[in-house]
Amino acid sequence: MGEIKLMKGNEALAEAMIRAGCDAYFGYPITPQSEVLEYLSKDATQRTGMVVLQAESEVAAINMIYGAAACGRRVMTTSSSPGISLMQEGLSYIASAELPCVLTNVVRGGPGLGTIQPSQADYFQAVKGGGHGDYRLIVLAPSSVQEMVDFVRLSFDLAEKYRNPVMILADGAIGQMMEKVELFDQMPRKTEFPDWATTGKPKDKERRYITSLHIQPEKMEEINKHLQAKYKQIEKDEVRYEAFNLDDAEYILTGYGLGARICRKAMDILREKGYKVGLIRPITLFPFPKKVYKEVADKVKGILDVEMNSGQMVEDVKLSVCGKTRVEYYGRMGGMIPSPEEIVENFEKLFIKGEA
Amino acid sequence: MAKALGEIIIDIEKCKGCSLCIDACPEEVLSLTNKINKKGYQYIVTVNSNCTGCANCALICPDAVITVYRKIEKSA
Amino acid sequence: MTQEALFAGFGGQGVLSMGQILAYAGMIEGKEVCWMPSYGPEMRGGTANCITIVSDSAISSPIISMYDTVVALNQPSVDKFESRVKKGGNLIYDSANILNPPTRDDINIIPIQGSEEAIKLQNTKVLNMIMLGAFLKTTNCVSVENIHKALETVFERYQKLIPLNIKALEVGMSYVK
Amino acid sequence: MSNNIETAKFRPEICTDENLVYRKPSTLLPEPFHYCPGCGHSTVHKIFMEVVEEMGIENEIIGVAPVGCSVFAYHYMGVDMQQAAHGRACAVATGIKRVQPDKYVFSYQGDGDLAAIGTGETIHAANRGENILVIFINNGIYGMTSGQMAPTTLEGMVSTTSPHGRDVKTQGYPLKMSEFIAPLPGVAYVTRQSVHKPANVRKAKKALRQALEYQKQGLGFCLVEIVTNCPSNWRMTPAQANQYIEEKMLAFYKLGDIKVPEVK
C-alpha cells in the first residue's frame with residue numbers, strides 16, 4: 001500500500017505529477033488552482049530535477065508546453081476556465097502536431113471572468129474541442145481527491161500512447177477539498193525519448209520537425225483522416241465509467257465529477273424512499289461511454305442528468321440513448337452546487353409527479 | 001498666536017483596524033478599541049482632544065473612514 | 001456513524017484549521033474524511049466556513065445542505081446557519097458578541113464563553129480550539145488522543161504551540177456536560 | 001447621524017461645514033472596500049476619486065478595471081467603468097478612447113495584470129501614444145490569487161511560488177516597467193509614486209491629477225506607477241508592510257518623475 005495522506009485536490013495533483021516523473025510544469029496563477037504551482041515551487045525541482053516555471057501568461061504556458069512536449073518530455077500544465085480559454089490556440093496546435101501532454105482544468109463558474117466557485121460549464125469546450133479545427137482531447141473527470149492522483153499517471157500513459165493531449169476536467173470543489181489519498185511510489189523520469197522528438201538530429205537518421213501547417217489541402221485532409229482514425233481507436237479502447245445499481249434500476253441518475261458524488265447521495269436517499277434508482281458516472285467524457293447508456297435505455301423509465309452547468313453532457317446522453325428513453329436535465333450554474341435534496345426533489349417532480 | 005483645534009469623526013463600521021492612522025498622527029490622538037465592529041474588526045477611537053486637524057490620519061486611511069474638521073482659534 | 005459538521009466564523013479566527021484538525025484526526029482514526037472550505041478572494045476579515053465530514057463508510061457528496069453540528073464563531077454565522085442544523089442536531093456557538101442568540105427548540109443549543117476563556121488563556125487565537133473541544137465532547141466523533149496526534153501534524157513547524165492548544169481543547173470540553 | 005458613527009466626544013462645535021478639512025470624496029461609492037486592512041489599493045482608489053471630484057469630471061471619464069485584487073474597482077469608483085480580461089486593460093482602454101476621444105480614459109492595473117500577462121498590450125498602447133492614463137499598482141506580488149511571485153517581485157523576496165526567495169537565475173529579474181516604457185516616443189508622462197506616508201499620498205494625488213491634465217492637452221500615454229503594499233501576502237502588519245516599502249521596495253523602485261512632457 002502506498003503512502004496515505006490527507007491532501008487538497010490541487011496539492012494531490014501536484015504531488016502525483018512529481019511522482020509520475022513529470023519533466024516540466026509551466027503554469028500561471030489563477031484561482032482555484034494556484035496551489036498546484038505553489039506546491040511544485042516548494043521542492044519539486046530538488047526532489048526530481050523537474051522544471052517548474054511560472055509563465056507570464058497562460059498563452060505563454062501552453063506554448064512552453066508545446067516546446068517541451070515536442071522534445072518528447074512528460075509535461076503538464078494546469079489552469080482554470082479563463083486561463084484554459086487562453087490556452088485553446090496552443091492546444092489546437094498541440095493536437096494537430098500530435099504532441100503528448102496533460103493539462104488540468106479546475107473549472108470555475110463562467111462565462112467571462114465569472115466566479116471562482118466550482119462549475120462544470122467547460123464541458124463543451126473540453127469534450128468537443130475548444131480551439132479551432134477538428135480535434136479531440138481525451139478528457140478524464142475525477143470525482144475525488146484520490147482520482148486527482150490516479151488520473152495524473154493514467155493521463156500521461158494515455159497521452160503518450162496516443163500522442164494526444166489529455167485533459168483532467170476537475171472543478172473548484174475537487175481542487176480545494178481535502179480527502180484521504182493513497183499515493184503511488186516515485187517513478188523515475190524518462191531517459192529515452194521517442195523518435196519523433198526534436199532532441200537534435202541523430203547522426204544516422206533524418207532530422208525531425210514538428211509543425212501543424214500543411215498548406216496543401218490534400219495533405220491536411222490526410223492529417224485529419226489520421227487524427228479521426230486515432231480518435232475512433234480511442235473511442236473503442238479507452239471508455240471508462242462507473243455504474244451503481246443498474247441491475248434493478250427503473251430510473252438512472254447520471255453526472256460526472258463532483259456532480260456524480262452528489263448524485264450518489266441523492267440515489268441513496270431515493271432508494272430509501274423506495275425508488276429503484278441507479279447511477280452512471282462517465283469517467284472519460286471523451287471517449288463518452290455511449291454503450292452503457294444505450295443498454296440501460298431499453299430497461300429504464302427515464303434518466304436524470306445532473307450537471308453544474310446549463311445542460312451540456314445531457315446532449316451526449318441523449319445521442320447515446322437515441323430517443324429510447326426519456327432524458328431530463330437538472331442543474332445549477334455559475335458556481336452554484338446542487339444539493340442531494342434538490343436532486344431528489346427534482347427527480348420526484350419530473351418522473352414521479354409527472355410535472356415536466 | 002493662532003491655535004488649530006481639530007476634530008475627527010470615524011465611521012467605525014467601515015474601519016478595519018489597520019492602525020496606519022495611529023502611526024500617522026503626530027498628536028497621538030488615536031487608539032484601537034477592544035470592541036469589534038460588525039465586520040469583525042477592532043476599530044479606532046479618539047483618546048484625547050489634542051487633535052489639530054492636520055488630516056494626516058485621513059490621508060493615510062485606506063478606507064476613507066475619517067472626516068476631519070479644523071478650527072483656527074486666535075488666542076489672546 | 002457519520003458526522004457532518006460545519007465550522008463558521010470570521011476569516012482569521014482559525015475556522016478552516018478547526019475543520020482540518022478534525023479531518024486529520026478522523027483519518028488517523030481510520031475513518032473516511034472530507035474537508036471542504038468555502039474559498040474567496042478576501043484574505044483577512046470577511047466570513048469563512050468549512051464542512052468536515054467524518055464517516056465509518058465511504059463519503060458520497062462532500063456538499064451538503066443540512067448539518068449534524070454547526071460551530072459558529074460569530075453572529076453572521078449563527079444567523080446564517082441556525083436553520084441548517086438537522087433536527088436533533090447541535091448548534092455550538094461563541095456567546096461573546098452575540099446579540100441575537102439562536103432560538104430553535106428542536107436542536108441542542110450550546111453556548112460557549114469561548115472568547116472569554118481564550119482571553120483567560122492569554123491568546124485569543126485559541127478560541128477555535130476551545131470551540132473544537134466543545135464540539136468533541138458534544139459529538140464524540142473522534143477520540144481526543146487522535147486530535148492530539150492531528151495537532152502534531154498541523155503544527156509541524158510550531159510544536160511549542162501544542163500544549164496551549166491542548167489546554168484550550170480541555171477548557172472547551174469542560175463546558176459540555 | 002447614525003449610531004454606527006463614533007461622534008466627536010470632545011468638541012462637536014468644531015464639526016461644522018466651514019471647518020471641514022477632509023471628507024470621503026462623493027465620487028467614491030458607499031460600498032466598503034473588500035481590500036484587506038491597510039491595503040494601498042484602497043488609498044489609491046480614494047485619492048483618484050478625490051482628483052475626479054476636484055476636477056469635476058465624473059461625467060466625462062471612463063475607467064477600466066483589471067483582473068487581480070482591483071477587479072472590483074468598479075464597485076467603489078463612482079464613474080462609468082468596464083472590466084477587462086486579464087492583462088487586456090490597455091487594449092480595452094484604447095477601444096474606449098478611440099471612439100470617444102473627448103472623454104478621459106484610464107485603466108487601473110496591478111503588476112500581474114500590467115507587467116506579466118498584459119505586457120504586450122501595455123507596450124503597444126504606450127507606443128501608439130494612446131492618450132490614456134494607466135494607473136499601475138506595484139506591490140510585487142499577486143494579491144487576488146494569494147501571494148504568488150509577480151514580475152516585479154524583488155530579488156530574494158519570498159512568495160508562494162518563490163518560497164525560497166526569488167531566484168533571478170531561474171525566475172528572472174524584477175521588471176521596472178516604468179523605466180521600460182518611458183523611452184517610447186508615444187509616452188508623455190511616467191512617474192513613480194507611493195502612498196505609504198501622508199506626504200507621499202499628497203504627491204501621488206498630485207501626479208494623478210497632472211496625468212489627467214496632460215490627457216486633456218492630448219499629450220499621449222501617461223503612466224502613474226504607485227508602489228504599494230500587500231500586508232496579507234507579505235505576511236506583515238500594515239505598518240510593517242509600509243516600513244518594507246520604505247526600506248526595500250523604494251531602494252529598487254526609486255520614486256519620482258521618469259519622463260515629463262517637454263514644454264513647447
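If I take every Cα pair under 8 Å that is 6 or more residues apart in region A:160-263, average their sequence separation and divide by the length, what percent do I get for the relative contact order?
Rounded, it is 29 percent for region A:160-263.
What's the ranking of D:30-40, D:108-118 by average number of surrounding C-beta atoms within 10 Å, highest first?
In descending order of packing, they fall as D:108-118, D:30-40.
Which percent of the accessible area of chain B is formed by carbon and sulfur heavy atoms (probe 1.4 angstrom)?
Carbon with sulfur: 50 percent of the solvent-accessible area.
Can you run phi through the Karplus equation (6.51, -1.76, 1.60; θ = phi - 60°) for region D:138-145 and list ³J(HN,Hα) in whole Hz, with x for Gly and Pro?
10, 10, x, 6, 8, x, 4, 8
Quickly rank C:157-167, D:183-193 as a protection proxy: mean count of other C-beta atoms within 10 Å, highest first.
Order by mean packing, descending: D:183-193, C:157-167.
May I have the count of lysine pairs in region B:2-71 with C-alpha atoms under 13 Å apart, counting pairs 8 or more residues apart or located on different chains?
Going through region B:2-71 pair by pair, I get 6.
Note every residue of region A:15-46 with a reduction of at least 30 square angstrom in accessible area, all protein chains present versus the isolated chain, computed with a 1.4 Å probe, or write none.
Buried by the other chains: A:28, A:29, A:31, A:38, A:41, A:42.
Residues with beta-carbon under 10 Å from that of residue A:80, excluding residue A:80: net charge, scoring Lys, Arg +1 and Asp, Glu -1?
On the way: positive: A:108; negative: A:58, A:122, A:171.
Once positives and negatives cancel, what remains is -2.
Region A:52-103 to region A:247-303: how many Å between their Cα centroids?
Between the Cα centre of region A:52-103 and that of region A:247-303, the gap is 34 Å.
Need one number: % antiparallel among DSSP beta bridges in the protein assembly as shown, to the nearest 5. Before the final figure, lay out each step's value.
Numbers: 54 of 128 bridges.
Antiparallel bridges: around 40 percent, rounded to the nearest 5.
When only Cα pairs under 8 Å and 6 or more residues apart are kept, what is the percent relative contact order across region D:129-183?
Numbers: 61 pairs, mean separation 12.8, N = 55.
Reported as a whole number, the value is 23 percent.
Give a residue-ordered list of calculated ³J(HN,Hα) values for region A:70-78 (Karplus: 6.51 cos²θ - 1.76 cosθ + 1.60, θ = phi - 60°; whole Hz; x for Gly, Pro).
5, 8, x, 8, 7, 10, 8, 9, 9
Are there any GluC sites (Glu not before Pro) in region A:260-356 that are in a DSSP loop and have at most 16 other Cβ atoms within 10 Å? List them by number.
Filter output for region A:260-356: A:355.
Using only Cα atoms, locate the centre of region D:51-109 and the centre of region C:100-148, then give the distance between them in Å, rounded to an integer.
48
Over region D:2-259, what percent of the accessible surface lies on carbon and sulfur atoms, probe 1.4 Å?
52
Long-range amide H contacts for residue D:81: which residues qualify at under 5 Å (H placed 1.01 Å from N, peptide plane, sequence gap of 5 or more or a different chain)?
Counting only residues 5 or more places away or on other chains, the set is D:63.
Using a Cα-Cα cut-off of under 29 Å, which lysines could be cross-linked to residue C:177, ignoring same-chain neighbours fewer than 8 residues away?
C:31, C:80, C:86, C:87, C:120, C:125, C:137, C:149, C:167
How much accessible area per residue does region C:2-174 have, counting only protein heavy atoms and a probe of 1.4 Å, in square angstrom? Intermediate values should be presented prior to the final figure.
Numbers: 7070 Å² over 173 residues.
Ligands and nucleic acids excluded, the result is 41 Å² per residue.
Give me the distance in nm between label points sitting 7 Å out from Cα along the Cα-to-Cβ direction at residue A:222 and residue D:262, one decimal.
Label at residue A:222, label at residue D:262, 6.0 nm between them.
Quick check: pseudo-label points 7 Å beyond the Cα along Cα→Cβ at residue D:169 and residue B:47, how many nm apart are they?
With each label point 7 Å from Cα toward Cβ, the separation is 5.0 nm.
In square angstrom, what is the accessible area per residue of region D:176-219 with a 1.4 angstrom probe?
Heavy-atom accessible area per residue stands at 42 Å².
Rounded to the nearest 5, what % of the DSSP beta bridges within chain D are antiparallel ones? Could you put the intermediate results ahead of the total?
Details: 7 of 33 bridges.
DSSP beta bridges in chain D are roughly 20 percent antiparallel.
Other chains' Cβ within 10 Å of C:31-39 residues: what's the mean?
Partner-chain Cβ atoms within 10 Å, mean over residues of C:31-39: 5.
Could you state how much accessible area is buried at the B-D interface, both sides summed, with a 1.4 Å probe, in Å² to the nearest 100?
Answer for the B-D pair: about 3300 Å² buried.
Would you mind telling me the antiparallel percentage of the DSSP bridges in chain A, rounded to 5?
Of those bridges, close to 30 percent are antiparallel.
Run the reach check for residue A:291 against aspartates and glutamates, Cα to Cα strictly under 14 Å, same-chain hits fewer than 8 apart removed. What comes back?
Partners within reach: A:235, A:237, A:238, A:242, A:316.
Measuring with a 1.4 Å probe in the full set of protein chains, what accessible area per residue, in whole Å², belongs to region B:2-71?
Numbers: 2640 Å² over 70 residues.
About 38 Å² of surface per residue is accessible.
Given labels modelled 7 Å from the Cα in the Cβ direction, how far is it in nm from residue D:31 to residue A:233?
5.4
What does the charge add up to near residue D:225, with Lys and Arg as +1, Asp and Glu as -1, over the other residues with Cβ less than 12 Å from its Cβ?
+1
According to the square roots a ≥ b ≥ c of the eigenvalues of the Cα gyration tensor, what is the shape class of the protein assembly as shown, taking rounded for a/c under 1.5, prolate for a/b larger than b/c otherwise, and oblate for the remainder?
Numbers: a/c = 1.90, a/b = 1.24, b/c = 1.53.
It is oblate, given that a/c is not under 1.5 and a/b is not larger than b/c.
In Å², nearest 100, what accessible area do chains C and D bury in total when the solvent probe is 1.4 Å?
So the buried area, both faces added, is about 600 Å².
Looking at the square roots a ≥ b ≥ c of the eigenvalues of the Cα gyration tensor of region A:241-352, which shape do they give, rounded for a/c under 1.5, prolate if a/b is larger than b/c, or oblate?
Since a/c stays below 1.5, the shape of region A:241-352 is classed as rounded.
Express the relative contact order of region D:33-141 as a whole percentage, based on alpha carbon pairs under 8 Å and six or more residues apart in sequence.
Reported relative contact order: 25 percent.
Just tell me how shielded D:171-180 is by partners: mean number of partner chain Cβ atoms within 10 Å of each residue's Cβ, no decimals.
Across D:171-180, the average partner-chain Cβ count within 10 Å equals 1.
Within 10 Å of each Cβ of D:140-146, how many other protein chain Cβ atoms are there on average?
If you average over the peptide's residues, the count of other-chain Cβ atoms is 5.
Provide the per-residue ³J(HN,Hα) series for region D:227-239, in order, calculated from phi with Karplus coefficients 6.51, -1.76, 1.60 and θ = phi - 60°, each as a whole number of Hz, with x at glycine and proline positions.
For region D:227-239, the Karplus-derived couplings read 6, 9, 10, 8, x, 4, 7, 7, 6, 9, 6, x, 5 Hz, x marking Gly and Pro.
Which GluC sites (Glu not before Pro) in region C:102-177 sit in a loop by DSSP (not H, G, I, E or B) and have at most 12 other Cβ atoms within 10 Å of their own Cβ?
Hits after loop and neighbour filter: C:156.
Take chain A, mark every one of the chymotrypsin sites (Phe, Trp or Tyr not before Pro) that falls in a DSSP loop and has at most 16 other Cβ within 10 Å, then report the longest stretch left between them, sites excluded.
For chymotrypsin sites (Phe, Trp or Tyr not before Pro) (loop position, at most 16 other Cβ atoms within 10 Å), the longest site-free span of chain A is A:1-183.
If one takes the accessible area of chain C alone plus chain A alone and subtracts that of the pair, with a 1.4 Å probe, what total in Å², rounded to the nearest 100, results?
1900
Summarise the accessible area of chain A (1.4 Å probe, protein heavy atoms) by the percent that is carbon and sulfur.
Carbon plus sulfur share of accessible area: 50 percent.
Taking amide H atoms as placed 1.01 Å from N in the peptide plane, list the residues 5 or more away in sequence, or in a different chain, whose amide H sits under 5 Å from that of residue A:250.
A:276, A:277, A:278
The values are calculated or read from the model by the stated rules, or taken from the named source; none is laboratory data. Note that the structure is a prediction, hence the values are computed from the model and not measured. Heads up, the Cβs are rebuilt from the backbone with ideal geometry, glycines too, and the neighbour counts pull from every protein chain shown. To get the accessible areas, we keep the full protein, side chains included, count just its heavy atoms, and leave off ligands, DNA and RNA. Shrake-Rupley method; radii C 1.70, N 1.55, O 1.52, S 1.80 Å.
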